[in-house]
Amino acid sequence: MATLWGRTYTRQELMTRVGDISQLAGVCAYRIDGGSGDGLPVVDVTTGGGLRFTVVPGRALDISGAWYNGVPLAFRSATGETQGARYEPVGRGWERTAVVGLLATCGLDNIGAPCVDDGIAYGLHGRLSNLAASNVQADGEWQGDEYELWVTGRVRQAVMFGEKLELKRRISTSLGSVAIRIHDEITNLGFVPEPMMVLYHLNPGYPIVDAGARFHVRSRAQRPVNPQSAAAIDAWSTYGPPTAGWKEHVYVHEVEPAADGAVHAAVVNRAFGGGLGLGISYSKRQLPFLNQWKHTALGEYATGIEPANGTVFGRAQNRAEGTLQTLQPGETAVFDLTLTVLDGHAAIQRFLTQIDR
């Protein structure tokens, strides 16, 4: 049953009180008019429980923004919504078309640093987030007394004489919910084994990220990516104010999962209102690495919590270290993540208890 405004409702109880479900929640598909995102298809999803987020079929069904009771949950860069056709694949060109948002999916050929592997140059974070989805469906329907909302589609990354990989994605939530579920299936459509890398670049922003905010996760060890990260390794879990001249800090965490193999992590700001945070849950078996990006620069004030099947050192170094996943012909890898808004100290504490276990 749906919980709205502190009360639980059956389908019958709700639908006798409204003219259409869109009075409470729904999905709305449209296209952007003007600017760098002109013509870009997007879908707004509203749960009725205070959560609203934007899925972008024109960009791999990523989530470009999210709000809870009008409060932004995610960082959005100055690029704004941008057509993936403007993608610059060389070096760090990915940054010129990345709004970042709540979710930017990186891969499928590279994650992290630009590199050269087997004679081929790969840009920062790969191509996937700039590719448009096909077979897109955005809808909602009653399933008993639950009203489910979803956006689905397929994204193909393919090249003649190279990789032929397809992402099948389903993003879903339900009436009254404060959680987003992501279910991905990545398949090698080709006839030779193919390396496959995927990273879920999840990006809480202000006001979740602010001076005094903390990143909670059971981290056994932290591997710094650069000298400034190493110098500040004791402060990996805390965030300071916007800082002039900030250089990014990046860590690869060795996380300890719960008994069932699940990893729970959260970025929490207890000082905002009655406390606000974003909880992240996923399977360590599916995503064995957790990368953390801290970037508290002026006007670019965010963090990235990045479950992945590899490290942000890039494809070449993952190959050298034996952490480059390969899919056999016809093989499918499955990934599931849940993002949960943590509203108030009680909700925060319940989630942190899962981490402590």
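The values are calculated or read from the model by the stated rules, or taken from the named source; none is laboratory data. Remember, predicted model here, so these are calculated numbers, not experimental data. Reconstructed Cβ throughout: ideal geometry from the backbone, glycine too, with neighbour counts over all protein chains shown.
Quick one: how many residues across the stretch 212-236 are surrounded by 13 or more Cβ atoms within 10 Å (Cβ to Cβ) and small (Gly, Ala, Ser)?
Going through the stretch 212-236 one residue at a time, the tally reaches 6.
Tell me, which residue of the stretch 185-230 that is under 26 Å from residue 114 (Cβ atoms) and charged (D, E, K, R) is farthest from the chain's Cα centre (by Cα)?
Filtering first and then ranking leaves 194.
If we scan the stretch 107-118, do we find a residue that is more than 15 Å from residue 198 (Cα to Cα) and at pLDDT below 95?
Yes; the residues of the stretch 107-118 include at least one that is more than 15 Å from residue 198 (Cα to Cα) and at pLDDT below 95.
Pull up the stretch 162-182, narrow it to residues that are hydroxyl-bearing (Ser, Thr, Tyr) and in a strand (DSSP E or B), then point me to the one that is nearest to residue 60 (Cα to Cα). Full working, then the answer.
Let us first name the residues in the stretch 162-182 that are hydroxyl-bearing (Ser, Thr, Tyr), namely 172-174, 177.
Add one more test, that the residue is in a strand (DSSP E or B), and what stays is 172-174.
Values: 172: 15, 173: 18, 174: 22 Å.
Step by step, filter the stretch 162-182, then rank; the result is 172.
Can you report the number of residues in the stretch 183-205 which are outside any strand (DSSP E or B) and crowded, with 18+ Cβ neighbours inside 10 Å?
Kept after step one, since they are outside any strand (DSSP E or B), are these residues of the stretch 183-205: 189-193, 196, 203.
Checking the rest, the ones that are also crowded, with 18+ Cβ neighbours inside 10 Å come to 196, 203.
Looking only at that region, the number is 2.
If you take the residues of the stretch 289-312 that are part of a loop (DSSP other than H, G, I, E, B) and touching a strand residue (DSSP E or B) at 6+ places or on another chain (Cβ under 8 Å), which of them is surrounded by the fewest Cβ atoms within 10 Å (Cβ to Cβ)? Walk me through how you get there before you give the answer.
Step one: filter the stretch 289-312 for residues part of a loop (DSSP other than H, G, I, E, B), giving 298-299, 309-312.
Narrowing further to those that are touching a strand residue (DSSP E or B) at 6+ places or on another chain (Cβ under 8 Å): 298, 309-312.
Numbers: 298: 11, 309: 22, 310: 29, 311: 25, 312: 26.
So the residue we want is 298.
Give 59, 31 a once-over and let me know the one that is of a type outside the set (Ser, Thr, Tyr), within 15 Å of residue 133 (Cα to Cα) and surrounded by fewer than 23 Cβ atoms within 10 Å (Cβ to Cβ). Walk me through how you get there before you give the answer.
On the way: 59 fails: surrounded by fewer than 23 Cβ atoms within 10 Å (Cβ to Cβ).
Only one candidate passes the filter, namely 31.
Which condition number does residue 160 fail, the rest of (1) of a type outside the set (Val, Ile, Thr); (2) touching a strand residue (DSSP E or B) at 6+ places or on another chain (Cβ under 9 Å); (3) more than 24 Å from residue 30 (Cβ to Cβ) being met?
Among (1) of a type outside the set (Val, Ile, Thr); (2) touching a strand residue (DSSP E or B) at 6+ places or on another chain (Cβ under 9 Å); (3) more than 24 Å from residue 30 (Cβ to Cβ), residue 160 violates only (2).
Tell me which residues, restricted to the stretch 1-59, are touching a strand residue (DSSP E or B) at 6+ places or on another chain (Cβ under 8 Å), farther than 22 Å from residue 143 by Cβ and of a type outside the set (Phe, Trp, Tyr).
Within the stretch 1-59, 31, 32, 39, 40, 41, 42, 54, 56, 57, 58 qualify.
Farther than 16 Å from residue 271 by Cα, acidic (Asp, Glu) and not in a strand (DSSP E or B): is that true of residue 234 in this structure?
Considered against the rule, which asks whether it is farther than 16 Å from residue 271 by Cα, acidic (Asp, Glu) and not in a strand (DSSP E or B), residue 234 comes out as yes.
Does residue 82 satisfy the condition of being of a type in the set (S, T, N, Q), in contact with a Phe, Trp or Tyr (Cβ under 7 Å, 6 or more places away or on another chain) and in contact (Cβ under 8 Å) with a residue 40 or more places away in the chain? Spell out how you get there, then give the answer.
Numbers: of a type in the set (S, T, N, Q): yes; in contact with a Phe, Trp or Tyr (Cβ under 7 Å, 6 or more places away or on another chain): no; in contact (Cβ under 8 Å) with a residue 40 or more places away in the chain: yes.
No: the conditions fail for residue 82.
Determine, yes or no, whether residue 279 is closer than 11 Å to residue 216 by Cα and crowded, with 17+ Cβ neighbours inside 10 Å.
On the way: closer than 11 Å to residue 216 by Cα: yes; crowded, with 17+ Cβ neighbours inside 10 Å: yes.
Yes: the conditions hold for residue 279.
Filtering the stretch 38-56 down to residues that are in contact with a Phe, Trp or Tyr (Cβ under 7 Å, 6 or more places away or on another chain) and farther than 21 Å from residue 273 by Cβ, which residue is surrounded by the most Cβ atoms within 10 Å (Cβ to Cβ)?
Taking the stretch 38-56 first, the residues in contact with a Phe, Trp or Tyr (Cβ under 7 Å, 6 or more places away or on another chain) are 42, 45, 50-52.
Going one step further and asking which of them are farther than 21 Å from residue 273 by Cβ, we end up with 42, 45.
Working: 42: 20, 45: 24.
Among those residues, the one meeting the criterion is 45.
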